[in-house]
Amino acid sequence: MDRLSEIETSILDDDDGSCRDVNFLQPTWDGVEEFIKRSEKLFREYSSADGEGNSLLEPYWKSVKASVQKTGYVHLSYANSFEIINNVQIFVCSEDDGSPFIELTFFPEDVAVVSNLETVFIGWVGAAKFTLQASEYFCRYENASWTIGDISPGSGVFLASENIST
């Protein structure tokens with residue numbers, strides 16, 4: 001099996017309900033706000049909750065940083081889009097140094113099955129990395145014990161930006 005086929009298989013793998021996570025290294029707050037602003041335009045339905053369970057003020061992109069700093073994290077859900085990922089959850093929290101950490105979560109059934117799925121997906125996650133102003137990304141099977149940056153066999157990572165030639 002070639003590398004691109006492995007990526008497609010990992011994205012669509014029906015493995016009894018686990019999700020796929022995309023983690024970004026060193027995004028900026030400006031990038032996070034821009035990414036959320038773009039998401040609000042691309043998806044027709046969305047909701048939010050801060051660390052205390054309260055909804056964010058709309059538009060979310062204007063209040064996400066303050067909400068994270070006040071309550072520790074924000075969970076955003078976006079649905080009903082014609083994007084490659086129809087439904088996505090966005091988790092934003094703050095690192096110890098105050099910089100943002102962001103994780104995108106989706107389920108295999110939320111992925112549009114298109115020709116060249118792997119190439120379209122790589123473009124989608126690359127565009128997110130660019131918008132977030134992040135240095136790297138890791139696409140992986142859900143794994144609570146995963147250590148960020150671990151791409152070793154068995155880590156669950158099926159795509160990392162360092163594996164993509166520019």
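The values are calculated or read from the model by the stated rules, or taken from the named source; none is laboratory data. The shown structure was predicted, so the numbers you read here are calculated from the model rather than taken from an experiment. When we count neighbours, we look across all protein chains shown, and the Cβ atoms used for this are built from the backbone with ideal geometry, even at glycine. Note: accessible area is taken over every heavy atom of the protein model, side chains too, but ligands, DNA and RNA are not part of it. Shrake-Rupley method; radii C 1.70, N 1.55, O 1.52, S 1.80 Å.
When region 18-27 is examined, which residues are found to be of a type outside the set (Phe, Trp, Tyr) and either out of contact with any strand residue (DSSP E or B) (no Cβ under 7 Å at 6 or more places or on another chain) or open to solvent by less than 20 Å² (accessible area, probe 1.4 Å) (or both)? Don't jump to the end; show me each part of the working.
Of all residues in region 18-27, those of a type outside the set (Phe, Trp, Tyr) come to 18-23, 25-27.
Scanning region 18-27 gives Cys19, Arg20, Asp21, Val22, Asn23, Gln26, Pro27.
So Ile148 clears everything in (1) crowded, with 16+ Cβ neighbours inside 10 Å; (2) modelled with pLDDT under 90 except one condition, right? Which one?
Tallying (1) crowded, with 16+ Cβ neighbours inside 10 Å; (2) modelled with pLDDT under 90, Ile148 fails exactly one: (1).
Residue check: is Thr131 of a type in the set (Val, Ile, Thr), closer than 18 Å to Arg38 by Cβ, assigned to a helix (DSSP H, G or I) and in contact (Cβ under 8 Å) with a residue 60 or more places away in the chain?
Yes: the conditions hold for Thr131.
Suppose the filter is open to solvent by 20 Å² or more (accessible area, probe 1.4 Å), among the basic types (Lys, Arg) and out of contact with any strand residue (DSSP E or B) (no Cβ under 6 Å at 6 or more places or on another chain); does Arg38 pass it?
Here the answer is yes, as Arg38 does meet what is asked.
Please work out which residue is nearest to Ile36 (Cα to Cα), limiting yourself to region 79-89 and to residues that are open to solvent by 40 Å² or more (accessible area, probe 1.4 Å) and touching a strand residue (DSSP E or B) at 6+ places or on another chain (Cβ under 6 Å).
This residue is Gln89.
Find the residue count for region 9-45, including only residues that are part of a strand (DSSP E or B) and either among the hydrophobic types (A, V, I, L, M, F, W, C) or within 15 Å of the chain's Cα centre (by Cα) (or both).
Number of matching residues: 7.
Does any residue of region 100-110 turn out to be farther than 21 Å from Glu6 by Cα, under 12 Å from the mean Cα position of the chain (by Cα), part of a strand (DSSP E or B) and among the hydrophobic types (A, V, I, L, M, F, W, C)?
Within region 100-110, one or more residues are farther than 21 Å from Glu6 by Cα, under 12 Å from the mean Cα position of the chain (by Cα), part of a strand (DSSP E or B) and among the hydrophobic types (A, V, I, L, M, F, W, C).
Have a look at Leu57, Leu76 and point out the one that is open to solvent by 50 Å² or more (accessible area, probe 1.4 Å) and either free of Cβ contacts under 8 Å to residues at least 40 places away in the same chain or part of a strand (DSSP E or B) (or both).
Values: Leu76 fails: open to solvent by 50 Å² or more (accessible area, probe 1.4 Å).
Leu57 is the lone residue from the list that is open to solvent by 50 Å² or more (accessible area, probe 1.4 Å) and either free of Cβ contacts under 8 Å to residues at least 40 places away in the same chain or part of a strand (DSSP E or B) (or both).
From the residues in region 90-135 that are open to solvent by 50 Å² or more (accessible area, probe 1.4 Å) and of a type in the set (Asp, Glu), which one is farthest from Pro27 (Cα to Cα)?
Ranking the qualifying residues of region 90-135, first place goes to Glu109.
In region 103-116, is there at least one residue being free of Cβ contacts under 8 Å to residues at least 40 places away in the same chain, on the phi < 0 side of the Ramachandran plot and touching a Ser or Thr at 6+ places or on another chain (Cβ under 8 Å)?
no
Taking Ile11 as meeting all but one of (1) in contact with a helix residue (DSSP H, G or I) (Cβ under 9 Å, 6 or more places away or on another chain); (2) surrounded by fewer than 15 Cβ atoms within 10 Å (Cβ to Cβ), write down the number of the exception.
Answer for Ile11: the failing condition is (2).
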